[in-house]
């Protein structure tokens, strides 16, 4: 796999405009969700599956399981 080479040029880069304050403040960027620790027994097959899939996405497998449960709960809420 070859590394991508970045080419730099001297001079102006073309027309542009400055956009001020387009991002929300940091406290609004991340919504803090209250989590509750639980003990849950899962089959080895399920845990192995989530570990494999989470490794592919480079996220913790517990986060992936939590996202699945959250999505299910959101879909099924009345």
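Nothing in this text is a laboratory measurement; each read-out follows from the coordinates by a stated rule. None of the values given here were measured: they were computed from a predicted structure.
Would you compute, from DSSP H runs of 4+ residues alone, the mean residue ellipticity of the chain at 222 nm, taking -39500 (n - 2.57) per run and dividing by the full residue count, rounded to the nearest 500?
Values: 3 runs with 34 residues, N = 78.
It lands at -13500 deg cm²/dmol.
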*Nearest 10 degrees, 0 to 90: what angle lies between the long axis of helix 44-57 and the longest principal axis of the chain (Cα atoms)?*
0
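Relative to the present Cα-Cα distance, how much length would full extension add between residue 56 and residue 6 at 0.36 nm per residue of separation? Please report the intermediate quantities before stating the final value.
Details: separation 50, 0.36 × 50 = 18.00 nm, distance 2.74 nm.
In short, 15.3 nm is gained.
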*Against the longest alpha carbon principal axis of the chain, how many degrees, from 0 to 90 and to the nearest 10, is the axis of helix 61-76 turned?*
80
*In the set [x] -0.30, -0.75, -1.09, -1.18; [y] -0.40, -0.80, -1.03, -1.10; [z] -0.72, -1.01, -1.20, -1.23, which value of log10 I(q)/I(0) by the Debye sum over Cα atoms at q = 0.12, 0.19, 0.23, 0.24 Å⁻¹ was calculated from the structure you see?*
[z]
